[in-house]
Amino acid sequence: MICQHCGQKPATTHIKTVLNGQLTEMHLCASCAQKQGYGHLWTDWGGFGSLLGGLLGEAPAQEVKRCPGCGASFGEISKSGKIGCAQCYQTFRGQLLPVVQRIHGAARHKGKSPGSSALRVAEPHKQLVAVEESPLDEKKRLLKKAIEEQNFEEAAVLRDQIKEMEQNG
C-alpha cells in the first residue's frame, strides 16, 4: 500500500479514527507519519507514564522552572507522566497546551452537551480540529431542546428566526 499523503513511499503507519460514528483510515509512510506527529509514539513502550512522558518531552537542563504549588519541574512531570498539582497547569501552560491539544483534539473544554465535542479531519494534513457550531445550527439545536421541553412559545420564536436566517442565506 502506498502513502496517502505523499503518494510515493510504502505506507508503514496505519491510523484509524472514528468520527461521528464513521471510521476513517489513513495509511502513511514513516516520514509523513512523523511530520504529522505520529512518529515514534510506541518506541520504548514502558507503560502509560512512559507514553505521556514521551509526548510531553523534556525541558532543557539549564531552565529548571518549578511549580510554586508542589515544586515539580516540567522534566519530572514528563518522566512520570503525572501532573503534580492544579497549579502545574498554570505554571507549565505553554508546554502542556500542545500536548493536551494533541491528545484530546482541542485545548478548550467542550462540556457534555451532544455535538459540542465534535471533531473533523482538516485538510491538507488531515489533522483533527474542533467543529465550531454555526449560528443556524445553534438555533436548530435550541429549537429541538425547546420542543423537547414543551416550551412552544420559545420554539415558535426560534422557528421564525431559523426561517429568516435560511431565507437570507
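Bear in mind that the values in this text are calculations on the coordinates, not laboratory data. Predicted, not measured: the structure shown is a model, and the values here were computed from it. Note that each Cβ is placed from the backbone with ideal geometry, even for glycine, and that neighbours are counted across all protein chains shown.
Of note:
- Extending 7 Å from Cα along the Cβ direction at residue 149 and again at residue 65 yields two label points whose distance is 4.2 nm.
- Rough spin-label spacing in nm, given labels placed 7 Å along Cα→Cβ, for residue 4 and residue 36: 0.7
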